[in-house]
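Below you'll find the structure, written out as C-alpha cells, and then a few comments.
The values are calculated or read from the model by the stated rules, or taken from the named source; none is laboratory data. All values reported here derive from a predicted model rather than from experimental measurement. Heads up, the Cβs are rebuilt from the backbone with ideal geometry, glycines too, and the neighbour counts pull from every protein chain shown. Side chains are part of the model used for accessible areas, which takes the heavy atoms of the whole protein and leaves out ligands, DNA and RNA. Shrake-Rupley method; radii C 1.70, N 1.55, O 1.52, S 1.80 Å.
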Amino acid sequence: MGVLCLLLVILVFRTKVRLSKRSAYIAQKKQELAPVVSSFLFIEEDADRGEKTEYLKMKVSIREQLKDANSRKVFAEMLLDLQRDLSGEARERLYSLYTDLNLHEFAFEKLKSWRWEVLSQGIVELAQMQVTDAYSYIKPFINHRKGVVRKQAQLATVSLKREGIQYFLDTARYGISEWQQMKLMDVLTQFKDFIPPRFSLWLTSGNPDVVLFALRLIRHYRQNEAGAALNTLLGHPDDKIKIATLECIREFCLVDALEPLKANFPQYRTEVKMAVLDVFTELGSEKDIQFLLTIKKQRVSYIVKSKALSTINRIAPDTVLPQIAEITTRTVGDIGGKPNSPDPPPGGMIPVPDPGDGQGADEGDEWQSLLEEEEACPDISDLCCREEWESILFELTGAYQGELDLSFLPLIMEHEDKGRPEGGGEVKKEAEKIREMEVEAAVVDEEEKFRLELESILGRIYIVDKPASQPHSSVTGLEATEDNEINFELDSEPRKQDSAQETQDINEDAGMDSPAAPTAYRFSIFEELFRHCDAESKLILLDEILAVGGEKELLFLHTLETDESLEVRDKSVEIAQRLGEVLEKDATVLQQAKEEEEMPAANEGSSQTSAGIPPKQSLENCFLQTTASTAQPGENSLWDVPFELEETSANITANPVGDELNTPAYPGVSLLDRLNKIWGGMHG
Amino acid sequence: MTAEGIGRTVLLAEDDHLLASLIGFRLEKAGYQVLMAANGRDVKQYLSESMPDIIVSDIMMPYFSGIELIDYVRTKLLSTVPVIIISSAGNEENVLTAFELGANDFIAKPFSPSELLVRVGRELTKT
C-alpha cells in the first residue's frame, strides 16, 4: 500500500513537472515567435529592400521551425488566438500566413483521425481560420454520432458558407439544443450582407427541433409572410412547436389566427392555453371578451381562468374587478370592515360591487348575468368552505328541528359528504323507512330475564358455607387496639347449623320461597340434565337418582310428576318413594352414630355401637362404590378428573345429620365418574 | 517607421502578451514609443514615474482593471491624458462606465490594428 502511494506521488510529481515544462516551453516559443508574426502581419509592400530580405529570412526560419510538430502546434495556436482578436486587413494577412505555411494541410489531416478529439480540433481550426475549402470535408460530420463533433461540424458548416444553414436544416437528424440554436444564429448574424432564405420551407420538417429553429429564424428575420404556414402549425402535436408558433403569431400580429385559436382552445393543454391567452392579450379586441368570459365556465385550470380575467382587463381595463365572497355568519365588525363603510345589510352579507360601469348597457347586462352565474357556481375552494361550514353548523345545532335525530344510526347514503344528512327531507324518508321495516324479535321482560339467568346460575352452585345473612363462623370478633390495628383470628371449625334453616336463609337471600316449596329442587344437579335429555335418558337418570340422590333429588322428583312422558311420571313416583325410604334409613343411622360419639371415651375403642351395629360409613350405602373404585383409570378419560376429597367419612359424621348442603352424598365418589356412567348409559 | 508618432509615448496595458506584442509592434512601426504593461500594478508604477502622452488599456486586466485605471488617472492623478479602452464584444456596460469616468474612446474586439492607430493619432491631435 505504501509502495502504491509512493508510486502515485511520483507519478503526479512527474506529470506536474512535465506540464510545467511544456507550458514554459510554449510561453518561450510564443515569445520568440510573436515578433515574427507581427513582422509577417505588418510587412508593407512598399517596404525597402532590407525589410524584404529580413522578411524572407524569417519565412525560411519559420518553415524550418514548423517541421517540428510542437512548434507547429504552438504557431497554429498563436494564429488562432490572433484571428479572434483581429479583423480587417490584419485578419486577411493572418489567413494568408496560415495558408502560406501550409498549416491548413495539417488541419485537414486531423479530419481523417479516428479520435473524436483530434477530429473536432481540426474542424474548429478550419472553421475559425475560415478555410472555405474545408466546407465539403466538414459537412458530412453534421450527423456524427459524437455530440461534440456534430456540434462543431454544424457551426463550421454554417460559418464557412452562406448556404451552409440550408444544408444544415435539410440534413439535421439529431436534436438541436437551444444553446446550439443561439450559437448558430450568432454565426449567421456575423455574415455581412446575409440574405436569409425562406425559413418557412422547413416548417414541414420531420425533425421537430428543425421546425423550432426555423420558427426562431423566422421571428429573428421577421419573415411575416409565413402566416399561412403558421396557422397550419397550430395543429401540430408538439406543444413546444405550438407555443413557438404562437409567439410568432403574436410578434407578427396575425389577427387571422384568433378565430382558429378560439375554435381549438378547449383541446389545448394548459401551457398552450396560456400562450394563446398571451396572444389574445396582444391582439385581442372587445369582441373577444365574450370568448374569454366563457373560459371561466369551462373546466380549466385555475391559472387559465386567472389569465383569462387579466386578459379581459388588458383589453378593456377595469372590466373585471375583485369580488369578495359571500359571508353568512360573520358580521362586518368581525371581519374588520372599513370604518367609513355604510351599515351592512342584515345577515352580514357584503354586497358585491357592480362591475362594468364603463361599458354599454347591453354588454354590461350580459357580463353581469355571466358574473351572477359564476357566483351561483362557486369554485372548488368556495364549495369546500361551504361544506365545512355546514358540517360545523350541523354539529353545533344537533338534529334538525322537527325531525328525528338519527345520527346514531349507521345510515349508508349516496350523498357526497359521506353519510352526513344534508337536508331534513332525506333524513325523514330514511326514518320512515326504518320505522316501516318489519322487525323479528321477542319482547323480553328485563326482570323475568334476570330471574331466569340467576336461577340457571344458582342451579349449578353448591353452597357449602354459611349464607350471607349469617356472620361467617371463621371470623371472630374484631378488636381494635391502641394502634388502630385490627386483630382477628381464623376459626377453622365450621359452625354447625340446621340445614333447613340454611336452606331457608339461602332462599331468602336469593329471593325465593321457603325450602319446602318445589323451587328448592333447582339445586339438584339432575335438573340441568333432565332439561336436555329425552325420555329414555330420563329413565336412566331416575335410577341414578335413587343411587346417589338426596333431599334435593327427592324434591326434584316431585316435579317430574308433571312430565310429558307417562313412563317418566310413573317411575319418578316410584323412585321418589324408594329414595324417601333410603333417606329415612340414613337419617336413623346418622343419629345413632351421633349418640355414640357422646358416650364416654372408654367406649371410643369400641368398633360397634350400642346397638351392636358397626358405625357405617356413608360410602357403604353407596352400592356403586366398588364399581367406582374398580373403574380402570383411563376409561372415559374425558370425564375423569383426577381429584380426591380430603374429608373422610369420620369428619363427615361429625357434621349434623341431613346436612346435605354442606357435604355431598358420596364424597368418596367422583361426580364426574357418575356422570360419565350416565353418559355412557344414555348412548348405549 | 513613420513620423506620425515620433516623440510620443504610448502606455499600452494589455495582459494578452501576443496581442500586446502585435499592437506594440504596430505602434512602434508608426514611430511611437511604447511602454507595455501586463497588469494594473505595472501601469501604476509607470504612471508614478512619468505620465505618457496617451494610454491604451484593456478593460479586463489582473490586479487593476481598465475602469479602475481611468478612475485613478482622473480622480487621483487629476490628469487629462487621453485614454482609449479596448473592450471585448458584449461588454457594453463596462464601456458606458468607462465613458462616464472619463475615457476618450473605445475600440471593440476583434479590431484592426490600423484602426487603433488612427484613433490614437486622432486623440493625440486633439490635445
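Which of the three applies to region B:63-127, rounded, prolate or oblate, going by the alpha-carbon gyration tensor with a ≥ b ≥ c and a/c under 1.5 meaning rounded? Please list the in-between numbers first.
Details: a/c = 2.16, a/b = 1.14, b/c = 1.89.
Because a/c hits 1.5 or more and a/b fails to exceed b/c, region B:63-127 counts as oblate.
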Inter-chain Cβ neighbour average for residues B:111-117, partner chain, 10 Å
4
Please state, rounded to one decimal and in Å, the Kirkwood hydrodynamic radius that region A:108-267 gives when every pair of distinct Cα atoms enters the mean of 1/r.
16.8 Å
With a 1.4 Å probe and every protein chain left in place, tell me how much accessible area A:Glu109 has, in Å² to the nearest 10.
110 Å²
To the nearest Å, what is the center-to-center distance of region A:1-56 and region A:212-283, using C-alpha atoms only?
56 Å
How much solvent-accessible surface does A:Asp570 expose, in Å² to the nearest 10, with a 1.4 Å probe and all protein chains in place?
90 Å²
Two pseudo-spin positions, 7 Å from Cα along C-beta at A:His236 and at A:Ser136, lie apart in nanometres by 3.4 nm
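Computed FRET efficiency, Cβ-Cβ of A:Glu282 and B:Lys109, R0 41 Å: what is it to the nearest 0.05?
Working: r = 39 Å, r/R0 = 0.94.
Efficiency, from the Cβ-Cβ distance: 0.60.
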Using a/c under 1.5 as the rounded threshold, could you call region A:14-141 rounded, prolate or oblate? The axes a ≥ b ≥ c are square roots of the C-alpha gyration tensor eigenvalues, and prolate needs a/b larger than b/c, oblate otherwise.
oblate
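Give the shape of region A:50-96 as rounded, prolate or oblate, defined through the alpha-carbon gyration tensor: a ≥ b ≥ c are the square roots of its eigenvalues, a/c under 1.5 means rounded, and otherwise the shape is prolate if a/b is larger than b/c and oblate if not.
Details: a/c = 3.32, a/b = 1.14, b/c = 2.91.
Here region A:50-96 falls in the oblate category.
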Give the average, rounded to an integer, of partner chain Cβ atoms located within 10 angstrom of each Cβ in A:28-37.
2
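Which entries in the list A:Lys183/A:Lys240; A:Lys29/B:Lys44; A:Lys21/A:Lys67 go over 23 Å, if you measure between the two C-alpha atoms of each?
Flagged as over cut-off: A:Lys29/B:Lys44.
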May I ask you to list the residues of region A:526-552 whose amide nitrogen lies under 11 Å from a point 7 Å from Cα along the Cα→beta-carbon direction of A:Glu567?
A:535-540
Around A:Gln577, under 15 Å between beta carbons, what's the net of Lys plus Arg minus Asp minus Glu among the other residues?
-4
Accessible-area ranking of A:Ile26, A:Ile165, largest first, probe 1.4 Å
A:Ile26, A:Ile165
Computed on Cα atoms, Rg of region A:125-179 relative to 2.2 N^0.38 Å comes out at 1.02
Say R0 is 51 Å: what FRET efficiency, to the nearest 0.05, do A:Thr99 and A:Ala263 get from their beta-carbon distance?
0.25
Take the solvent-accessible surface of the protein heavy atoms, probe 1.4 Å, and return the percent of it on region A:1-101 that carbon and sulfur atoms account for.
59 percent
If R0 is 51 Å, what FRET efficiency do you get for A:Asp193 and B:Gln33 from their C-beta distance, rounded to 0.05?
0.80
What does the charge count around A:Glu567 come to, taking other residues whose C-beta lies under 11 Å from its C-beta (Lys +1, Arg +1, Asp -1, Glu -1)?
-2
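Of the listed pairs A:Lys73/A:Lys161; A:Lys273/A:Lys305; A:Lys112/A:Lys139; A:Lys112/A:Lys146; A:Lys110/A:Lys139; A:Lys273/A:Lys296, which have alpha-carbon separations greater than 18 Å here? Please report the intermediate quantities before stating the final value.
Numbers: A:Lys73/A:Lys161 26 Å; A:Lys273/A:Lys305 10 Å; A:Lys112/A:Lys139 14 Å; A:Lys112/A:Lys146 15 Å; A:Lys110/A:Lys139 15 Å; A:Lys273/A:Lys296 13 Å.
Flagged as over cut-off: A:Lys73/A:Lys161.
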Inter-chain Cβ neighbour average for residues B:103-110, partner chain, 10 Å
2
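What's the whole-number percent of alpha carbon pairs in region A:235-312 lying beyond 18 angstrom? List each step's numbers first, then the result.
Details: 964 of 3003 pairs.
When all Cα pairs of region A:235-312 are counted, 32 percent exceed 18 Å.
Return the tail of the calculated pair distribution for region B:1-102, meaning the percent of Cα-Cα pairs more than 17 Å apart.
Details: 2524 of 5151 pairs.
So the pairs more than 17 Å apart make up 49 percent of the total in region B:1-102.
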Within-12-Å neighbourhood charge of A:Tyr174 [Cβ basis; K, R +1; D, E -1]
+4
For A:Phe194, A:Phe75, give the ranking by accessible area with the largest first, probe 1.4 Å.
A:Phe194, A:Phe75
Roughly speaking, what is the centre-to-centre gap between region A:545-579 and region A:90-161 when only Cα atoms are used, to the nearest Å?
127 Å
